[in-house]
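Notes follow the structure.
Nothing in this text is a laboratory measurement; each read-out follows from the coordinates by a stated rule. Because the structure is predicted, anything quoted here is derived from the model rather than measured. Positions of Cβ are backbone-derived with ideal geometry, glycine not excepted, and every protein chain shown enters the neighbour counts.
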Amino acid sequence: MSLALLAGPALVAPLALTAPAVAAADPYTVTALKVTVRAGDRRCTLDTDVYRPTGADAAHPAPAVLTTNGFGGDKADGSTDALAKAFAARGYVALAYSGLGFGRTGCPISLDDPRIDGRAASGLVDLLAGARTADNGTRIDYVAKDGARDPRVGMIGGSYGGAIQLATAAVDHRVDALVPLITWNDLSYSLDPNNADRTRGVGGPLPGAYKWQWTNGFFLIGEAQGLLHPNLDPSRTGGAGCLHFVARACDTKRLLDSGSYPEARTREVLAYARSVSPVSYLASVKTPTLLVQGEDDTLFNLNEAAATYRTLAAQGTPVKMIWQSWGHSGGMRKPARGELALARGNLDTSYVGRRILAWFDRYLRHRTATGTGPAFAYYRDWVAGGPAYATSSVFPAGGSRRLYLSGDGTLVGRRGEVVRGSRAYRNLRTATSHSESSLAGLLGLPDAAPYDARGTYLDWTSKPVAGGPVEVVGAPRVTLRVSSPQAGRAQRSSDAADRLVLFAKLYDVAPDGQKTLVHRLVAPARVPDATRRFTVELPAIVHRYEPGHRLRFVLAASDDAYAGNRGVKPVTVSSTPAEAGVLELPVTQGVLR
């Protein structure tokens, strides 16, 4: 497979789109402009296209929308270009640009760092304000303003093009509306997730299990920019052994590849990954934000958007959240019927598209009577007819149901039903469980069904659902204690890589025994202290357990999409009525027994 093919659909914002057809008389004109801006300690030349709606001039200004590219994309890729055309056709001034390190824009890739990428985008806000000119002297004087140097401007884009919006809003409060799609809260969690004892945002206190397949895909595309775009600007050169990344990003990849987490070095490197992530700067984001995250996404899962939502809501930033069907993992090429797919020009007819239009109508056109929808909406893949989205005035929606991990391998509804018993598994030196081949779903390639090898996992299974379906909406949590003498001795090491790693996940087991790992999601957990109880927050799901189906909770020793345990660490889980593991499920409908 060519690198060009990989860069196109893989890690670019997953909106492989073409613009809707327009009338013979185009409703806009397009002008390519180079704009050199200050970005950190560098000067970077941004490659942009400005879409000017017909009739927009100094006497009749229009609000503006910046469209942002995903990783590996640029201003002309399917999504960035199509979004610009879609909004220009609706009367917005649209500015599509290639982010730092991509397309024909200069400077190395700096992971949407607000101090670098955010400042660069702020220079484009100056351009839209008419406060500066493009490199050829062009000045823009047809954007609506709220002040002399304050253009009315929103931003939209997915994945890498989502985080840049938050980074820009953190350093430039002139931005009026954001629509980040399928992006991250904490990049250290996204690439090296630890779901045990979450302390801040989405991650736990220790580094987690290296998500090596996704991470290598990113870095392959970043380093391949010279092949994909010959005659690059010399400023694109990176450092510390990387061709096209800033040195500290290269250091992060090197640490993850090493399989070792010495305390001081790990703290420094992961602090950098967090510093370029919304988790570190959301306190400075005051811009109204509509978060859109994908239910089918093992790269940036729903927990990331939920963490961003909670932070923004708690500080009073206007924010709403939609969980749509597609994400990085699958379904993005052919979104489900009725879902956002700009290739079909369905901004006006898809639920998510209408919400986006309303968001910009309210905050960019200042139409205060425009309703922007409920606080929380989520896609239900089991709905064949009628509205596929359910809504809630609050997040999380629904209540919590508890099931207990019994010693006989069952999930029971009351402590008194817990059977005393102990069961054990043992990890091998190679991975023995499979959840996904991370790029397979994204690229439309076949993938093996999830599996766990006998003796390397434990499972607990509920009774069949009875009396109506059970709908789980949100992030399940499990609190338990394990016994592992080897893990207890290993955690005295100063290298966090010696701590116990396990993988938690939920299956749906049909009456015929066929089992489904919901969206192939797993929760890697590096246990802080194997001698104490700990809590693992699983990736959020939206899933219906139909009558007759059973819920199965699994603890596995490994997963081949992640790095795992260093050394063999057998694990025993014991249960008594007084001391049983507890699985908490966010349920909006139905009863589990």
Protection proxy (average C-beta count within 10 Å per residue), highest first, orders 398-405, 552-559, 435-442, 418-425 as 552-559, 435-442, 398-405, 418-425
Kindly flag which residue pairs out of 211/334; 211/505; 286/320 have an alpha-carbon separation exceeding 18 Å in this structure.
-> 211/334
What do the square roots of 5 times the Cα gyration tensor eigenvalues come to for the chain, in whole Å, largest first, as semi-axes of the equivalent ellipsoid?
-> 43, 27, 20
Helix-only mean residue ellipticity at 222 nm for the chain, each DSSP H run of n ≥ 4 adding -39500 (n - 2.57), per residue, nearest 500 = -6000 deg cm²/dmol
Net charge dipole size for the chain [Lys, Arg +1 and Asp, Glu -1 on Cβ; Debye, nearest 20] | 1260 debye
In nm, to one decimal, how far is the modelled label at residue 54 from the one at residue 115, with both set 7 Å along Cα→Cβ?
-> 4.8 nm
Distance (nanometres) between label positions extended 7 Å along Cα→Cβ at residue 263 and residue 512 | 5.5 nm
Along the Cα-to-Cβ line of residue 336, 7 Å from the Cα, sits a label point; which residues in the range 463-501 have backbone N less than 17 Å from it?
-> 469-475
Mind giving me the nanometre distance, one decimal, between the label points for residue 466 and residue 440, set 7 Å out from Cα along Cα→Cβ?
-> 3.7 nm
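Residue 269: net charge of surrounding residues, Cβ under 9 Å, Lys/Arg +1, Asp/Glu -1, itself excluded?
That sum, taken over residues with Cβ under 9 Å, equals +2.
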Go through 72-85, 257-270 and give me the packing order, highest mean Cβ count within 10 Å leading.
-> 72-85, 257-270
Relative to the present Cα-Cα distance, how much length would full extension add between residue 136 and residue 578 at 0.36 nm per residue of separation?
-> 151.7 nm
Likely footprinting exposure, 36, 252, 308, fewest C-beta neighbours within 10 Å first = 36, 252, 308
Given charges at Cβ of Lys, Arg, Asp, Glu: the chain dipole, positive-most of 491, 524, 446 = 491
Quick numbers on the range 399-589, Rg and Dmax over C-alpha atoms in Å, give 16.4, 52
Additional length obtainable on full extension of the chain from residue 453 to residue 237, 0.36 nm per residue less Cα span | 73.3 nm
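Please report, in debye to the nearest 20, how large the charge dipole of the range 399-589 is about its Cα centre when each Lys and Arg carries +1 at its beta carbon and each Asp and Glu carries -1 there.
700 debye
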For a label point 7 Å from the Cα of residue 38 along Cα→C-beta, name the residues of the range 115-159 whose backbone N is under 12 Å from it.
-> 119-120, 123
